[in-house]
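The values are calculated or read from the model by the stated rules, or taken from the named source; none is laboratory data. In this text the structure is predicted, and so the values were computed from the model without any measurement. Glycine also receives a Cβ, built like all others from the backbone with ideal geometry; neighbour counts cover every protein chain displayed. These accessible areas exclude ligands, DNA and RNA; they are computed on the full protein's heavy atoms, side chains included. Shrake-Rupley method; radii C 1.70, N 1.55, O 1.52, S 1.80 Å.
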Amino acid sequence: MDPRVRHTNSYLKPAQQIYQWIVAPIESELEKQKVDTILFCLGPGLRSLALSALHDGEKFLIEKYSIALIPAFNMIETEYNPSKNMQVLGMGASEFINHQSLPAVPTELKQITQEFFPGKAFINQDFTVKNLQYQRQKQKFGIIHLATHAEFKSGKPSNSYIQFWNQEKLNLDDIRNLKWHQPKVELLVLSACKTAVGDKQAELGFAGLAVQAGVKSALASLWYVSDVGTLALMNEFYQHFQKISLKAEALRQAQIAMLKGKVNLKKGELHGSGSNVKLPQELAKYGDENLSHPYYWAAFTIIGNPW
């Protein structure tokens, strides 16, 4: 979604039309069966849909159902493991050579590893593929959170990458080599741009490939969301995940909090549904802003196991 439309409702007409095509024909059956979670298995050309923002004329789809995207039914693990005993490994970068800085990343990692889940955080020069592998072998982390830039390009998987510190990159075709199932990763969070989108060669992008390579679930974005917008969503998601322990439902609650205007920027602080976070100096330029537009929350999706 183009950030220039974040103060308009231009998304509404297509969101309602797609709802009528995809959801409306089965809605009575969904209600009859008391369905609360929908898994979408979509073909090429449809995987970049912001499913949570589909609209029935009165409500967004996310207000009625938890949502997850799956590569294929035989590629997801259906068992449920509660999140309350999980440790989180948070890694990322705020400074880059060939990309714009991400000043919210230190705050994002601090919130996740100190406020919501026990864990460890590594930033900038400690954000290397070698350290990621070392920390995972040293200790079991149920959640891996990577806050950085990612570039997704059409064509060969080697064209796409997740940016690590300095010039180091993890290419799409190398992601399988990280052995996500040894030990098992319950949730991989890719707090970066367009990491959920793929083309015909790359399937569902980094997140989809990670699921295929052994990660139970991945949380990723369909388009680039502003640094502070990502911080807001992640802060809400982990806050709810800590309590609910259901991935897709925690994301649903985070998105609902944002669309209902419970999350906003005021006087250099991020005001959330349950807590306030003081923003770093570099983000004070944003001023006061409401984060209820789908641009800020609809990009994020769960891929794989929704529980």
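Numerical summary
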item	result
Rg and Dmax [Cα atoms of the range 208-254; Å; Rg one decimal, Dmax integer]	11.8, 30
Residue-wise HN-Hα coupling along the range 285-292, computed from phi with Karplus coefficients 6.51, -1.76, 1.60 (Hz; x: Gly, Pro)	4, 5, x, 7, 7, 7, 10, 7
Filtered trypsin sites (Lys or Arg not before Pro), the range 203-264: DSSP coil and at most 14 other beta carbons within 10 Å	LYS260
Note, ³J(HN,Hα) from phi for the range 228-235, Karplus 6.51, -1.76, 1.60, rounded to Hz, x at Gly and Pro	6, x, 5, 4, 4, 5, 5, 4
FRET efficiency, 1/(1 + (r/R0)^6) with R0 30 Å, evaluated for GLN242 and LYS267 via beta carbons	0.70
Interchain or long-range residues, amide H under 5 Å from LEU279's placed H	GLU269, LEU270
Pairs of lysine residues in the range 11-130 - Cα separation under 14 Å, sequence separation of 8 or more or cross-chain	4
Amide H contacts of CYS193 (H built 1.01 Å from N, under 5 Å, at least 5 apart or other chain)	ALA150
Alpha-carbon Rg/Rh ratio, for the range 167-307, with Rh computed the Kirkwood way	1.00
Contact order normalised by residue count of the range 61-217, Cα under 8 Å, 6+ apart, percent	23 percent
Quarter of Cα convex hull surface for the range 1-146, i.e. mean projection, nm²	12.6 nm²
Base-10 log of normalised Debye intensity for the range 130-176 (one unit scatterer per alpha-carbon) at q = 0.32, 0.33 Å⁻¹	-1.21, -1.23
Anisotropy class of the range 68-185 from Cα gyration tensor, a/c 1.5 cut	oblate
Simple spin-label estimate for LYS285 and ASN85 in nanometres, 7 Å along Cα-Cβ	4.7 nm
Residues listed by number, the range 239-283, amide nitrogen under 17 Å from LEU12 label point at 7 Å toward C-beta	259-261
Percent breakdown of C-alpha pair distances by 20 Å bin, ordered from the shortest bin, for the chain	35, 60, 5
Karplus-derived 3J(HN,Hα), 6.51/-1.76/1.60, for each residue of the range 39-50, Hz, glycine and proline x	9, 9, 10, 10, x, x, x, 10, 5, 9, 5, 7
Per residue value of the accessible surface for the chain (all protein chains in place, 1.4 Å probe), Å²	44 Å²
Residue-averaged [θ]222 nm for the chain, counting only DSSP H segments that reach four residues, each worth -39500 (n - 2.57)	-7000 deg cm²/dmol
Protection proxy ranking of 222-230, 9-17, 162-170, 141-149 - average other beta-carbon atoms within 10 Å, highest first	141-149, 222-230, 162-170, 9-17
Surface share of carbon and sulfur [accessible, 1.4 angstrom probe, percent] for the chain	48 percent
